[in-house]
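A short write-up of the structure that comes next.
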Amino acid sequence: MPLARAFAAAAAVLIVGAHEIISASAEDWPTHSLTLVVPWAAGGGTDVMGRILARRMSEILGQPVVVENISGGGGMVGSAHVARAEPDGYTFDFGSRSDAINMTLYKHPIYNFQADLAPVILVADQPTVLVARKDLPVDGLKDFVSYVKKNQGTIKLGSAGVGSTGGVDCEILNRMIGVSIQEIPYRGSGPAMQDLIAGQFDYFCTISGSAAAPLQNGLIKGIAALRHERLPSVPDVLTSFEQGMDFEASTWFGFFAPKATPAPIIKKLRDASAAAMQTPSVQEQLATNGTYVVSPDKQSTEYLQSIIGPEIEKNGAPLKAAGISVD
């Protein structure tokens with residue numbers, strides 16, 4: 001057999017063999033525990049949501065789904081960790097709108113959201129809520145705006161981290177009302193909320209999942225839900241639109257795997273995620289936490305793939321217009 005034909009035949013055998021190995025691996029998957037990376041500190045709304053889903057997914061997959069919190073960089077450190085993981089489906093990321101923000105906010109992001117992560121499924125949406133320390137002397141959004149304008153030299157703003165969705169939403173809000181407030185970034189909404197409850201800073205834009213329990217227990221003050229309809233989890237908090245401000249903000253969440261993860265494994269992970277999302281008890285727990293599970297027509301891998309580029313553009317536009325960036 002000529003040498004070239006021998007090489008070609010050997011290459012074909014290798015390709016077929018590799019395909020068979022991948023197929024067998026995908027058929028057996030999962031054979032051991034999985035790790036869901038939550039790119040934020042423990043105790044925040046994203047962490048709580050991830051743990052609710054992970055418990056049910058463990059039951060569906062027949063293997064433990066362990067939550068690992070890897071915070072920092074507005075979610076960038078955790079997502080980059082998953083991007084570098086083995087593409088075998090055993091490590092996946094709880095990505096969000098923050099990943100889209102990071103692509104514009106950071107001049108040198110440590111991963112490429114579109115190139116390095118493979119979409120699995122869009123999971124949920126959480127509206128942004130503007131909250132304040134319990135004893136801030138304001139009553140409602142108009143009073144809040146007046147107070148912030150008068151005290152912008154001394155008032156303090158907290159955030160879940162540089163590049164966090166709430167941090168960006170509050171920055172946009174501040175620019176809308178014409179104030180410049182120094183931000184105190186934390187390593188997640190959990191630590192930030194603890195300090196807000198303790199009165200260490202004055203106000204905070206955060207996802208509803210982080211705000212619901214402290215509001216329900218009277219530990220903080222609700223200024224406005226940044227959406228058209230009131231939140232069932234905190235129905236007494238008026239919306240921004242009810243209070244005369246045309247400003248809506250929310251954060252979407254989804255699962256992502258390393259880019260080269262085989263399609264059959266992506267499908268199995270998507271199907272298990274969808275089954276967990278459709279479990280009535282899971283939906284009840286998430287609703288209590290201020291979380292809206294996305295509708296079935298948005299639960300395909302293709303749908304999540306289709307929104308990534310537009311989300312990067314949409315979230316980048318106000319950052320570029322405001323000249324907001326991080327080295």
Problem set entry | Matching residues, the range 189-208, being surrounded by fewer than 24 Cβ atoms within 10 Å (Cβ to Cβ) and of a type in the set (Phe, Trp, Tyr) | PHE201
Problem set entry | Residues of the range 161-190 satisfying the condition of being modelled with pLDDT of 90 or more, among the hydrophobic types (A, V, I, L, M, F, W, C) and within 17 Å of the chain's Cα centre (by Cα) | CYS170
Seminar exercise, completed: In the range 26-38, anything at pLDDT below 95 and touching a helix residue (DSSP H, G or I) at 6+ places or on another chain (Cβ under 8 Å) is listed as ALA26, GLU27
For this session: Among what's in the range 39-53 and is buried (at least 21 other Cβ atoms within 10 Å of the Cβ) and part of a helix (DSSP H, G or I), pick the residue that is modelled with the lowest pLDDT.
Result: GLY45
Exercise. Among all residue pairs at least 6 apart or on different chains, which show Cβ distances below 7 Å where the first residue, located in the range 92-118, is assigned by TED's automatic domain parsing to the domain that holds ALA260 and the second is assigned to a strand (DSSP E or B) and among the polar types (S, T, N, Q)?
Worked result: SER96/THR251; ARG97/THR251
Exercise. In this structure, is VAL234 touching a Phe, Trp or Tyr at 6+ places or on another chain (Cβ under 6 Å) and modelled with pLDDT under 95?
Worked result: no
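Quick grid of which residues meet (1) surrounded by 22 or more Cβ atoms within 10 Å (Cβ to Cβ); (2) touching a residue at least 40 places away in the same chain (Cβ under 8 Å):
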residue: THR154; (1), (2): no, no
residue: SER164; (1), (2): yes, yes
residue: ILE172; (1), (2): no, yes
residue: ARG187; (1), (2): no, yes
Problem set entry | Unmet criterion (only one of (1) surrounded by 20 or more Cβ atoms within 10 Å (Cβ to Cβ); (2) within 17 Å of the chain's Cα centre (by Cα); (3) over 22 Å from SER189 (Cα atoms)) for ASN112 | (1)
Exercise. Restricted to the range 51-82, and to residues that are free of Cβ contacts under 8 Å to residues at least 12 places away in the same chain and touching a strand residue (DSSP E or B) at 6+ places or on another chain (Cβ under 8 Å), which residue is nearest to LEU269 (Cα to Cα)?
Worked result: SER58
For this session: Could you tell me whether the range 232-242 includes any residue that is crowded, with 17+ Cβ neighbours inside 10 Å, part of a loop (DSSP other than H, G, I, E, B) and in the same structural domain as GLY166 (by TED's automatic domain parsing)?
Result: no
For this session: For the range 199-230, name all the residues that are charged (D, E, K, R) and in contact (Cβ under 8 Å) with a residue 24 or more places away in the chain.
Result: ASP202, LYS221, ARG227
Problem set entry | Of residues in the range 191-209 being of a type in the set (S, T, N, Q) and within 18 Å of the chain's Cα centre (by Cα), the one nearest to LYS150 (Cα to Cα) | THR206
Problem set entry | Filter pass, MET76 being at pLDDT below 95, in contact with a Phe, Trp or Tyr (Cβ under 8 Å, 6 or more places away or on another chain) and not basic (Lys, Arg) | yes
For this session: Give the residues of the range 210-231 that are outside any strand (DSSP E or B), under 20 Å from the mean Cα position of the chain (by Cα) and hydrophobic (A, V, I, L, M, F, W, C), sorted by residue number.
Result: ALA211, ALA212, ALA213, LEU226, LEU231
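The values are calculated or read from the model by the stated rules, or taken from the named source; none is laboratory data. A quick note: this is a predicted structure, and the numbers were derived from the prediction, not measured. Ideal geometry is used to build each Cβ from the backbone, glycine not excepted, and the neighbour counts take in all protein chains shown.
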